[in-house]
Amino acid sequence: MRTIRVIGIGAGNPEHMTVQAINALNRSDVLLIPTKGDEKAFLADARRDICDRFLTNPACRILDYAVPVRRADGSYEDGVNDWHRAIAAIYERTLLNAVGEDETLGLLVWGDPMLYDSTLRIIDHVRTAGRVAFDMEVIPGITSVQALCASHGIALNRIGLPVEITTGRRLAEGWPDSSRDALVMLDGVQAFRTVTDPEAEIWWGAYLGTPHEILLSGRLAEMAETISETRRTAREKHGWIMDTYLIRRPATEAEEGPA
Ligand SMILES: C[S@@+](CC[C@H](N)C(=O)[O-])C[C@H]1O[C@@H](n2cnc3c(N)ncnc32)[C@H](O)[C@@H]1O
């Protein structure tokens, strides 16, 4: 039986690779690496660096594929579904044409596959299509959330309180009901600018774990402009940006509970 091994590779620092991930890499017969555009070129290079550094199995074959372009017309959901199906077709072809019956296909996933990543859903499409049988293994990785908290030296949650992990797009629609702490990813709209609570604090990080890492933190009202400007300049300089941040609003007395 073929196997797909989904390997979390960490969020930017090759040293995020766990021993389990390194072993999983070396037990793979084929590695499939996506390439596309400026941002994806960096991500593809990061994956190649990881292979150069940790891959000691000379028999392992590395294959590139061009990530299909996501359609911008029609609904967002339809666009994403079609895009996932197109990538699923690439996984399927690779399994059938480049991976032997008892071999393993390794997919190197940024951060951890369970966090804002579609690889597991795409693999479901391959399984549902039913044209090739395979087992699947998932190896966890260090997420950008962990990288952000580690670089700032902070805990993600306050004692006994929840944290909402959300997207910039959702935050821009309004502060979440479930929590006074929001960890925001995939923010193309600078949604932190929509938070008006004068007591809110922010811990922001870009290019976490990479040599370009930038960290900023403080009272949101005082930092928003600096973060926007830093973001703009860095994006211009590197041609792409990935950033993540935690915003914390003062907890209500009821939430804080007894000291
Ligand atoms: C498609 S999600 C992938 C998340 C990934 N699976 C993880 O575990 O972190 C991409 C988003 O993750 C965040 N991200 C990933 N790597 C990052 C990094 N090195 N620095 C800052 N943010 C990062 C950004 O919010 C980016 O928009």
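The number of residues in region 199-222 being out of contact with any Ser or Thr (no Cβ under 7 Å at 6 or more places or on another chain) and either closer than 17 Å to A172 by Cα or not in a loop (DSSP other than H, G, I, E, B) (or both) comes to 9. Every listed requirement among (1) in a helix (DSSP H, G or I); (2) more than 10 Å from the ligand (Cβ to nearest atom); (3) in contact (Cβ under 8 Å) with a residue 60 or more places away in the chain is met by R231 save one, (3). Listed conditions (1) basic (K, R); (2) buried (at least 19 other Cβ atoms within 10 Å of the Cβ); (3) under 17 Å from G209 (Cβ atoms) are all met by R5, apart from (3). Only a single criterion out of (1) surrounded by 15 or more Cβ atoms within 10 Å (Cβ to Cβ); (2) under 20 Å from R121 (Cα atoms); (3) β-branched (V, I, T) is not satisfied by V80, namely (1).
Considering only residues of region 31-46 that are away from the ligand (no atom under 13 Å from the Cβ) and surrounded by fewer than 21 Cβ atoms within 10 Å (Cβ to Cβ), which is nearest to V138 (Cα to Cα)? Walk me through how you get there before you give the answer.
Filtering region 31-46 for residues away from the ligand (no atom under 13 Å from the Cβ) gives 31-33, 35-38, 41, 44-45.
If we keep only those that are surrounded by fewer than 21 Cβ atoms within 10 Å (Cβ to Cβ) as well, we get 33, 35-38, 41, 44-45.
Working: I33: 17, T35: 22, K36: 24, G37: 27, D38: 28, A41: 24, A44: 20, D45: 22 Å.
That would be I33.
Which ones in region 8-30 are surrounded by 15 or more Cβ atoms within 10 Å (Cβ to Cβ) and within 16 Å of the ligand (Cβ to nearest atom)? Within region 8-30, G8, I9, G10, A11, G12, N13, P14, H16, M17, T18, A21 qualify.
Mind checking whether some residue in region 200-211 is more than 16 Å from the ligand (Cβ to nearest atom), in contact (Cβ under 8 Å) with a residue 24 or more places away in the chain, surrounded by fewer than 20 Cβ atoms within 10 Å (Cβ to Cβ) and over 24 Å from G111 (Cα atoms)? Give the derivation first.
Pass one, region 200-211, residues more than 16 Å from the ligand (Cβ to nearest atom): 200-201.
Filter once more, so that each one left must be in contact (Cβ under 8 Å) with a residue 24 or more places away in the chain: 200-201.
Among the residues that remain, those that are also surrounded by fewer than 20 Cβ atoms within 10 Å (Cβ to Cβ) are: 201.
Remaining after also requiring over 24 Å from G111 (Cα atoms): 201.
Yes, that holds for at least one residue.
For region 165-192, the tally of residues that are assigned to a strand (DSSP E or B) and within 13 Å of the ligand (Cβ to nearest atom) stands at 7.
Bear in mind that the values in this text are calculations on the coordinates, not laboratory data. Being a predicted model, the structure only gives us computed values, none of them experimental. No Cβ is skipped: glycine too gets one built from the backbone with ideal geometry, and neighbour counts run over all protein chains shown.
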